[in-house]
1. With a cut-off of at least 3 residues that are touching a residue at least 40 places away in the same chain (Cβ under 8 Å), name the strands (runs of 3 or more DSSP E) lying wholly within region 132-239.
2. Residues that are of a type in the set (D, E, K, R), within 25 Å of the chain's Cα centre (by Cα), outside any helix (DSSP H, G or I) and at pLDDT below 95: does region 113-121 have at least one?
3. Against the condition in contact with a helix residue (DSSP H, G or I) (Cβ under 6 Å, 6 or more places away or on another chain), outside any loop (DSSP other than H, G, I, E, B) and more than 30 Å from SER254 (Cβ to Cβ), how does LEU97 come out, does it pass?
4. Considering region 280-338 alone, what residues qualify as being assigned to a loop (DSSP other than H, G, I, E, B) and of a type in the set (Gly, Ala, Ser)?
5. Mind listing whichever residues of region 240-276 are assigned to a strand (DSSP E or B) and farther than 15 Å from GLY14 by Cα?
6. If we scan region 283-299, do we find a residue that is buried (at least 22 other Cβ atoms within 10 Å of the Cβ), touching an Asp or Glu at 6+ places or on another chain (Cβ under 8 Å), assigned by TED's automatic domain parsing to the domain that holds ILE180 and not small (Gly, Ala, Ser)?
7. Starting from region 34-63, take each residue that is modelled with pLDDT under 95 and list its partners that are surrounded by 21 or more Cβ atoms within 10 Å (Cβ to Cβ) and charged (D, E, K, R), counting only C-beta distances under 8 angstrom and pairs at least six apart or across chains.
8. In region 96-112, what count of residues is obtained for those that are at pLDDT 95 or above and within 29 Å of PRO286 (Cβ to Cβ)?
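The values are calculated or read from the model by the stated rules, or taken from the named source; none is laboratory data. It should be emphasised that the depicted structure is a prediction, and the values quoted were computed from it without experimental measurement. Using ideal geometry, Cβ is built from the backbone for each residue, glycine included, and neighbour counts are taken over all protein chains shown.
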Amino acid sequence: MSRKILIIGPAWVGDMVMAQTLFMLLQHREPDVAIDVLAPAWSAPLLSRMPEVSKFIEIAITHGELKLRERYQIAKTLRANGYDQAIILPNSFKSALIPWWAKIPVRTGWLRELRGLLLNDGRRLNEKKYPLMIERCMALALATNESLPNTYPRPALCVNTELQQAALHKHGLSISNRPILALCPGAEFGPSKRWPEEYFAEVAAKKMAEGWDIWIFGSAKDKEVVAKIIGENTSHITNLAGRTSLAEAIDLLSLVTGVVTNDSGLMHIAAALNKPLIALYGSTSPGFTPPLTPAAKILMNKIACQPCFKRDCPLQHHRCMRELKPEQVLTSLAEWQN
């Protein structure tokens, strides 16, 4: 009889993409395993593009909310599903409550926030042994002293061609002989991860002059940034920020020639589509959450205060991004054509 595993999913797009490495490893080890993921509603279209996931279960609780009564009610409904194990990816105490209340017999996770009472398969994290986030995800699929596989699975999202055509029609897009450059200028975490919008604008202007189309992706929160990038341009540049669903963004990104992006959820989606991409790192580190594709090139400056992992530059100069010039990106883009 195949096992049933409940995954308590992460709260961020990029983290959910990287969690697919865990799902892949579980399925590789047990081809008949059933993997259900408990996660916020926004993640449903993303998880639907991961064939390893058997079922999505919504948790209508936003990141940071406690809502004990709601968590207990969810746990009660999950008891009937007969899970053999729960793997809790977030490190918070509250994220371990539902598997405990659901009486899932094996509850696996990293020992953080004094939640050892809730986990009966708690692990002590050795950050030097597992420097990458995907390693910390995959290690939870293994026995405590078991080694990670020699070759790591890479996230690989599926594309829905029917929905893709509908998205093209909806947004008035067409595919021609012109190459398409996707720009992803947002970063949900905070301004410190954002490359200056005037730099994105310079790259866009240069590539349009060379015969490229520009598609700009992001959320509604990126409205002002995108407006500054577009400026007075009215042709060969399309603003999709805040106008696409997550599913549409996945399907449309699969059509582009290449991507220039901050360290963001869209970066990880583009990597999981195996698109050539240039990843711009400032306050964060590719040593923890790199784009998981050999088609990626990482650009970053090595200065003393980097990485700080802060939402805003604590020194107020943002040198890590401001000293990463458009010429460096344009040089890397030119290499794609050589």
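1. Values: elements: 180-184, 213-216, 237-239.
Those strands (runs of 3 or more DSSP E) span 180-184.
2. The initial filter retains those residues of region 113-121 that are of a type in the set (D, E, K, R), namely 113, 115, 121.
Imposing the further condition that a residue be within 25 Å of the chain's Cα centre (by Cα) reduces the set to 113.
Next, only the ones that are outside any helix (DSSP H, G or I) stay: 113.
Filter once more, keeping what is at pLDDT below 95: 113.
Checked region 113-121: at least one residue is of a type in the set (D, E, K, R), within 25 Å of the chain's Cα centre (by Cα), outside any helix (DSSP H, G or I) and at pLDDT below 95.
3. Taking the combined requirement at face value, the residue satisfies it.
4. Here is the first cut: in region 280-338, the ones assigned to a loop (DSSP other than H, G, I, E, B) are 282-295, 301-318, 323-325, 337-338.
Matches in region 280-338: GLY282, SER283, SER285, GLY287, ALA295, ALA304.
5. Within region 240-276, the first condition is being assigned to a strand (DSSP E or B), and the residues that meet it are 258-262.
Those that are assigned to a strand (DSSP E or B) and farther than 15 Å from GLY14 by Cα: GLY258, VAL259, VAL260.
6. Yes; the residues of region 283-299 include at least one that is buried (at least 22 other Cβ atoms within 10 Å of the Cβ), touching an Asp or Glu at 6+ places or on another chain (Cβ under 8 Å), assigned by TED's automatic domain parsing to the domain that holds ILE180 and not small (Gly, Ala, Ser).
7. Note: no pairs meet the criteria.
8. At the first step, the residues of region 96-112 found to be at pLDDT 95 or above are 96-111.
From the residues that got through so far, the ones that are within 29 Å of PRO286 (Cβ to Cβ) too are 108-111.
Here the count works out to 4.
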